[in-house]
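The values are calculated or read from the model by the stated rules, or taken from the named source; none is laboratory data. What you see is a predicted model; the values in this text were computed from it and never measured. Cβ sites come from the backbone with ideal geometry, for glycine too, and all protein chains shown count toward neighbours. Ligands, DNA and RNA are excluded from the accessible area calculation, which covers all protein heavy atoms including side chains. Shrake-Rupley method; radii C 1.70, N 1.55, O 1.52, S 1.80 Å.
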Amino acid sequence: MRHIEILDTTLRDGEQTPGVRFSLSHKTEIAKQLERLGVDAIEAGFPASSKGDFDAVSAISREVKGCSVQALARCIKSDIDCAAEALSDACDPVIHVFLATSPIHLEYKLKMTPEDALENIKEGVSYAKSLCRTVQFSPEDATRSDREFLCRAVKCAIDAGADIINIPDTVGYSVPEEYASLVSYLLENVEGLREKRISVHCHNDLGLAVANSITAVGAGASRIECAVNGIGERAGNASLEEVVMAMRVRRDFCDCDTGIVSKEILRTSRMVSSFAGYDVALNKAIVGQNAFSHESGIHQHGMMEHRNTYEIMNPEDIGADKSTLVLGKLSGRHAYSERLATLGYALDTKGVDATFNRFKEIANKKVAVTDSDIRAIVNEYLDGLEGKYWIDTFQIQSGNHMKAMALVSLRAGDEVFTESAPGEGPIDAAFNTINRIAHADDVHLESYSLKAVTEGADALGEVKVKISSDHGAFTGRGVSTDVIKASIKAYVNAINKWTRAKGTND
């Protein structure tokens, strides 16, 4: 099985993500984590571009000894000198020089003829080689370059001493078959290239960076340049975690693997995301919050029977916790019952049915129902098992220039009782109305509390009330995404307890 090297460019190309700026301490922490992750090389920065980049490359060269440290430079003597100085403490330094080779870059950006470009490549690579034992050369915008000229440029770099040839898809223009064919073409037409390491650096402008990288490996590339979470210029780079896990999960197809310690992937992703202030999309492959989550009832049932029904890798392999069955509106009774058991509830069939119906009602109003929500639903159900009154309907009128008024209908057996009453606010009016229905003239509200069971705008609100009368004090609980409904449910729950106590005492 072939070993494919992983070069991480999070600290160089990744930092070119608009709005992302890593501090020196951030860069050194990320570099040390990348070392633990097991990357073969870290592209630590572009020393000539700023003092910050120079200091970062220098610090990383001192700190990291378990992998190669690489610095970027143009084919300019001062850039190469700067890179060599910054890498002076690295145990395995690489100077990475580049020059664009596409017609549009040569004409409009560099204002060079093809022959001028070849002379610059020769001078730049040979000078870098005189200062560093390992040199990488990149023909920038290779995928939009004339193939014949690209061959000449690569051959020129090899003759000048380049050890690694990188073929960048700088603007994410290629599609997989085309990119693989370019790598094959170069191998067939550039003398000496087969003896060198061939690296690929793909951007994601068309969403094909990972696919292009994998197909290039199949065509003969031995190194992939990528970034954690796929961050980078414009639409980003090939995502390290996707490249690594694609090759690992599909070893049968790729017949290759990397030296990445996959259990460090999630930790690395979260560190980079935190330092970058750049949230990972929920549906991001491998490291997104939903990557190992299952909401569909059919999927959940399959997962409970055998996890491989809907998962092609184990979350533990990337350092994540076990798969999460996210209960939502598509979840079935089977998954719900399993969660109840996991939470320690042993409801009978009637209880499961009743709370499952309540769960579905809430799930239609929320993105996902949490364990805390389920506990609240079950507690509410258990509190109301022996209730006399059940909510039928309610209507509230309230405003800043009007007295609040509530109209409430409660069921008791086959009968429905309806009353209305005013109050100092919508909740007070509802409570007064319930008192009228229950003839609870001597009942007083002692306390009222409202809290969010979970976070977010769609959080389930839990209301707890305490009432008192000559028959004692009684508490009630109600939950709903509607705080007024939760309040009414809590008060009815307390009134039901009062009713039972009153009947017993009478």
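Of everything in the stretch 336-356 that is farther than 17 Å from Thr370 by Cβ and modelled with pLDDT under 85, the residue that is most open to solvent (accessible area, probe 1.4 Å) is Ala346. Name, by its number, the condition in (1) on the phi < 0 side of the Ramachandran plot; (2) surrounded by fewer than 22 Cβ atoms within 10 Å (Cβ to Cβ); (3) touching a helix residue (DSSP H, G or I) at 6+ places or on another chain (Cβ under 7 Å) that does not hold for Val465. For Val465, the exception is condition (2). Of the residues Tyr173, Tyr179, Tyr185, the single one that is under 38 Å from the mean Cα position of the chain (by Cα) and farther than 19 Å from Asn237 by Cβ is Tyr185.
For every residue, the table says whether it meets (1) open to solvent by 10 Å² or more (accessible area, probe 1.4 Å); (2) within 23 Å of Arg270 (Cα to Cα); (3) among the hydroxyl-bearing types (Ser, Thr, Tyr).
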| residue | (1), (2), (3) |
| --- | --- |
| Arg36 | yes, yes, no |
| Ala44 | no, yes, no |
| Pro47 | no, no, no |
| Ile95 | no, no, no |
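Considering the stretch 71-119 alone, what residues qualify as being part of a helix (DSSP H, G or I) and among the basic types (Lys, Arg)? Those that are part of a helix (DSSP H, G or I) and among the basic types (Lys, Arg): Lys77, Lys109.
Arg333 meets the conditions (1) under 19 Å from Val479 (Cβ atoms); (2) of a type in the set (Lys, Arg); (3) open to solvent by 90 Å² or more (accessible area, probe 1.4 Å) in every case but one. The failed one is (1). Assessment of the stretch 384-397 against the conditions (open to solvent by 40 Å² or more (accessible area, probe 1.4 Å), modelled with pLDDT under 85 and not aliphatic (A, V, I, L, M)) yields at least one matching residue.
Whether any residue in the stretch 190-202 is of a type in the set (Ser, Thr, Tyr) and assigned to a helix (DSSP H, G or I) is what I want to check. No, every residue in the stretch 190-202 fails to be of a type in the set (Ser, Thr, Tyr) and assigned to a helix (DSSP H, G or I). For Glu446, indicate whether it is part of a strand (DSSP E or B), loosely packed, with under 15 Cβ neighbours inside 10 Å and not β-branched (Val, Ile, Thr). For Glu446, the condition - part of a strand (DSSP E or B), loosely packed, with under 15 Cβ neighbours inside 10 Å and not β-branched (Val, Ile, Thr) - is met.
Here the stretch 142-164 is the region considered, the condition is being surrounded by fewer than 22 Cβ atoms within 10 Å (Cβ to Cβ) and under 38 Å from the mean Cα position of the chain (by Cα), and the residue that is nearest to Ser213 (Cα to Cα) is Arg144.
Out of Ala494, Ala429, Ala459, I need the residue that is touching a strand residue (DSSP E or B) at 6+ places or on another chain (Cβ under 8 Å), open to solvent by less than 50 Å² (accessible area, probe 1.4 Å) and either within 17 Å of Lys388 (Cβ to Cβ) or of a type in the set (Phe, Trp, Tyr) (or both). Which one? Full working, then the answer.
Values: Ala429 fails: either within 17 Å of Lys388 (Cβ to Cβ) or of a type in the set (Phe, Trp, Tyr) (or both); Ala459 fails: either within 17 Å of Lys388 (Cβ to Cβ) or of a type in the set (Phe, Trp, Tyr) (or both).
Every option except Ala494 fails the conditions.
Does any residue of the stretch 185-207 turn out to be of a type in the set (Ser, Thr, Tyr) and surrounded by fewer than 20 Cβ atoms within 10 Å (Cβ to Cβ)? Yes: the stretch 185-207 contains one or more residues that are of a type in the set (Ser, Thr, Tyr) and surrounded by fewer than 20 Cβ atoms within 10 Å (Cβ to Cβ).
When the stretch 404-444 is filtered for residues that are under 46 Å from the mean Cα position of the chain (by Cα) and either free of Cβ contacts under 8 Å to residues at least 40 places away in the same chain or over 15 Å from Ile488 (Cβ atoms) (or both), the ones remaining, listed by number, are Ala404, Ala406, Gly425, Asp428, Ala429.
Before we move on, is Ile167 buried (at least 22 other Cβ atoms within 10 Å of the Cβ) and in a helix (DSSP H, G or I)? So Ile167 fails the test. Among the residues of the stretch 97-137, the ones that are within 23 Å of Thr170 (Cα to Cα) and either open to solvent by less than 40 Å² (accessible area, probe 1.4 Å) or among the hydrophobic types (A, V, I, L, M, F, W, C) (or both) come to 21 in all. Output yes when any residue across the stretch 192-200 is under 16 Å from Thr10 (Cβ atoms) and either of a type in the set (Lys, Arg) or under 18 Å from the mean Cα position of the chain (by Cα) (or both), and no when none is. So far as the stretch 192-200 goes, no, none of its residues is under 16 Å from Thr10 (Cβ atoms) and either of a type in the set (Lys, Arg) or under 18 Å from the mean Cα position of the chain (by Cα) (or both).
Does any residue of the stretch 53-72 turn out to be out of contact with any strand residue (DSSP E or B) (no Cβ under 7 Å at 6 or more places or on another chain) and in contact (Cβ under 8 Å) with a residue 40 or more places away in the chain?
Filtering the stretch 53-72 down to residues out of contact with any strand residue (DSSP E or B) (no Cβ under 7 Å at 6 or more places or on another chain) leaves 54-55, 58-59, 62-63, 65-66.
Still in the running and in contact (Cβ under 8 Å) with a residue 40 or more places away in the chain: none.
No, there is no match, as no residue in the stretch 53-72 is out of contact with any strand residue (DSSP E or B) (no Cβ under 7 Å at 6 or more places or on another chain) and in contact (Cβ under 8 Å) with a residue 40 or more places away in the chain.
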